[in-house]
Amino acid sequence: MMKSVFDGERRFDFPKAVVLVEDVLRFANVGPNDIVLDSFAGSGTTAHAVLALNKEDGGNRKFILVECEDYADTITAERVRRVIGGVPGSKNAALREGLGGSFAYCTLGEPMEIEEMLSGDALPSYSALAAYLLHTASGVSAGGAELERRNDDGLFYGDGATDYYLLYEPNVEWLCGNEGILNEERARRISAASREKGRRAIVFGPGKYIGQRDLTPMGITFCQLPYEMHGSG
Ligand SMILES: C[S@@+](CC[C@H](N)C(=O)[O-])C[C@H]1O[C@@H](n2cnc3c(N)ncnc32)[C@H](O)[C@@H]1O
């Protein structure tokens, strides 16, 4: 099946047979709305089998595949794209027509080693830390987008309700200095800019010279970056 999808143009050693994986899914009583995880995806047979079963019985099973090698896009995901859209030369009628369905292809960003980050030994890039904080604070994933500092006050993201600010440079001296401090002047600017858009603001930074008691009426929540990152603790 793998051969017919790629018509011999791409090779993968020892792909599993789709019917075999379909049988395993049936045997495991995978229900029509279940999610199947294959964390060693290889040529993507599992996704193919899930889509084939859905096509056969109108099910809505979903799949999550994980592949660490550089063929994750060109073989694993590409096979899934092709079986969804249809493989013109296939002898199998369903495959020729396409199994239908959809999926999102995602890649991981730079790893963040929390212990090294907290010891100040490996400070993450601005965009990596911004993505991490955004996800932790709001559950929002930046996807592949690079989150950049959009102004001097560290605005990096906004949604319908909240503006997110990060005052940060991957530099211990900068973090220990005054440039990243949230003071009253900066807080007033941030408050005015966010209020204009009808939003509140969350500000991540290495320190502040204004109390949360004064920030709250300004619509600002301050979140302290760990002191350990820059050794001020
Ligand atoms: C034996 S193959 C899977 C074959 C697959 N069932 C098929 O039909 O093509 C195992 C795959 O797991 C991948 N792999 C191994 N360790 C991994 C890890 N830690 N994270 C993600 N993928 C991994 C390998 O690169 C390889 O492509």
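Laboratory data are not the source of any read-out in this text; all were calculated from the coordinates shown. All values reported here derive from a predicted model rather than from experimental measurement. Please note: Cβ atoms are built from the backbone with ideal geometry, for glycine as well, and neighbour counts cover all protein chains shown.
Some notes on this structure:
- Residues of the range 26-73 that are touching a strand residue (DSSP E or B) at 6+ places or on another chain (Cβ under 6 Å), within 16 Å of Leu108 (Cα to Cα) and surrounded by fewer than 18 Cβ atoms within 10 Å (Cβ to Cβ): Ile64 alone.
- If the condition is being free of Cβ contacts under 8 Å to residues at least 24 places away in the same chain, part of a helix (DSSP H, G or I) and closer than 18 Å to Leu225 by Cα, then the range 147-192 contributes Glu173, Trp174.
- Scan of the range 7-55 for residues that are in contact (Cβ under 8 Å) with a residue 40 or more places away in the chain and within 14 Å of Asn92 (Cβ to Cβ), ordered by number: Asp7, His48, Leu51, Ala52, Lys55
- One residue stands out among those in the range 72-109 that are in contact (Cβ under 8 Å) with a residue 60 or more places away in the chain and not in a loop (DSSP other than H, G, I, E, B): the one that is farthest from Ala17 (Cα to Cα), which is Thr74.
- Residue that is of a type in the set (A, V, I, L, M, F, W, C) and away from the ligand (no atom under 16 Å from the Cβ), where the choices are Ile84, Ile75: Ile84
- Which numbered condition Ile210 fails, given (1) in a loop (DSSP other than H, G, I, E, B); (2) in contact with a strand residue (DSSP E or B) (Cβ under 7 Å, 6 or more places away or on another chain); (3) within 20 Å of Ser127 (Cα to Cα); (4) β-branched (Val, Ile, Thr): (3)
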